[in-house]
Every structure is written in C-alpha cells, then in structure tokens.
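Working notes for the structure below.
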Amino acid sequence: WINNNRVGFGVNWACTMDIAIRVANWLVAMEYFNNDDILSNDFKQKFYTSVYEHGQFIGRHLEYSPALTTNHYIADVAGLFFLAIYCPLFEESKEWRDFAMRELAQEMQKQVYPDGCNFEASTSYHRLALEMFFYCELLAEIAGLSFPHVFKERLRKMFEFSLYCIK
C-alpha cells in the first residue's frame, strides 16, 4: 500500500478522516504484530516513516471550520492522538497529544448534548463519535493521561443513550 499510494495523491488521500482512521488502525495492528519476528526492520522503518507522514498530512488538512465541526474533525483529532500516544518519539508527538486532548474535550462539549445525544441526530454518527471518543479515552487511561471529568461524564451519557437505542 505504501509503495503504491504516494502521500497526498489519489483517492486514499482525499479525506483526512479516512487517513486518520487508517493510521489509527495501522498503529493498533502494529502493536499486535510488533513482537513477532515476521516483520523486518526495513518494513518497520518504512511503516513508521509512513505513519509520520500520515500525522503531518492530518495536521495540515484538519477538517475544521469555526462555524461547524462534525465527526470528520473528531476522527482527524483522534488520529493525531493515536499517533502521539503510539509514537511518542516523533518530534510533534507532545504537540499532537496536547492539541488532541484539548480539541477532543472541546468537541465533546460542542458535538454531544448533555443528555449524551450526538448533535448530528443520527444513531450511526452517534455510534461513530462514541467509538472515537471512547478509544481515545481508553488510550489516554492506558498512557496515564486523563480527560476532564465533564468529558468522561458525557461519554458515559453517550453509552447510556446507545443502550436505549438498542433493542
């Protein structure tokens, strides 16, 4: 994939949200395979170079607007958070981590009502936003970090809303 998809060109670089979700999935997959001897050092070098390029691309192409942010922006920021936590040695990692934690906390307040419902009024978008917020919260906890109490409380409300939507 890396060899056939030059950074910034083609359909695989058209939507920042897709790029962020891809890199988060890659990093989780690498955690699974990293201790095996099946991956060469050359592959790992190429992989982490591409991961870094993903982070730089996301940072330059955030799907943000002062008027309206959506699940796309949550995904963008979550991707940077995954990068920062999984790759702390990247020069930008601390900046990405701090930015992502701040933005995720703000987006939780902007995009999720106090009762836990997502403002996009779609159960599918609600579930998507919930997954992204939850996995960032889980990753933060594993890394010894903590989102504000109000973030965690609203996240709990999102789960509660989902409970009542499921039959």
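With the alpha-carbon atoms of region 67-167 aligned to their principal axes, the span from lowest to highest coordinate is 44, 30, 21 Å, starting with the largest.
Per-atom-type breakdown for the chain gives carbon and sulfur 56% of the accessible area (1.4 Å probe, protein chains only). Adding -39500 (n - 2.57) for every DSSP H run of four residues or longer, then dividing by how many residues the chain holds, sets the calculated 222 nm ellipticity at -22500 deg cm²/dmol. Rolling a 1.4 Å probe over the heavy atoms of the protein chains gives the chain an accessible area of 57 Å² per residue. Within the chain, how many Lys pairs sit with Cα atoms under 27 Å apart, leaving out pairs fewer than 8 places apart on the same chain? Step by step, the pairs that qualify in the chain add up to 8.
Ordering 82, 99, 43 by accessible surface, largest first, gives 43, 99, 82; the 1.4 Å probe counts only protein heavy atoms, with every chain in place. With respect to the chain, whose longest principal axis is taken over its alpha-carbon atoms, helix 93-111 is tilted by about 30°. Taking the Cβ of residue 73 as the centre, find all other residues whose Cβ is under 10 Å away and add up their charges (Lys, Arg: +1; Asp, Glu: -1). My count for the surroundings of residue 73 gives -3. Here the spin labels are modelled as points 7 Å beyond Cα on the Cα-Cβ line, and at residue 91 and residue 32 they lie 3.3 nm apart.
Based on the Cβ-Cβ distance of residue 49 and residue 102, what FRET efficiency does E = 1/(1 + (r/R0)^6) give at R0 = 25 Å, to the nearest 0.05?
After rounding to 0.05, the efficiency reads 0.35.
The values are calculated or read from the model by the stated rules, or taken from the named source; none is laboratory data. Just so you know, these numbers come straight off a predicted model, no measurement behind them. With ideal geometry, Cβ positions are generated from the backbone for all residues, glycine too; neighbour counts draw on all protein chains shown. These area figures cover heavy atoms from the full protein model, side chains too; ligands, DNA and RNA do not enter into them. Shrake-Rupley method; radii C 1.70, N 1.55, O 1.52, S 1.80 Å.
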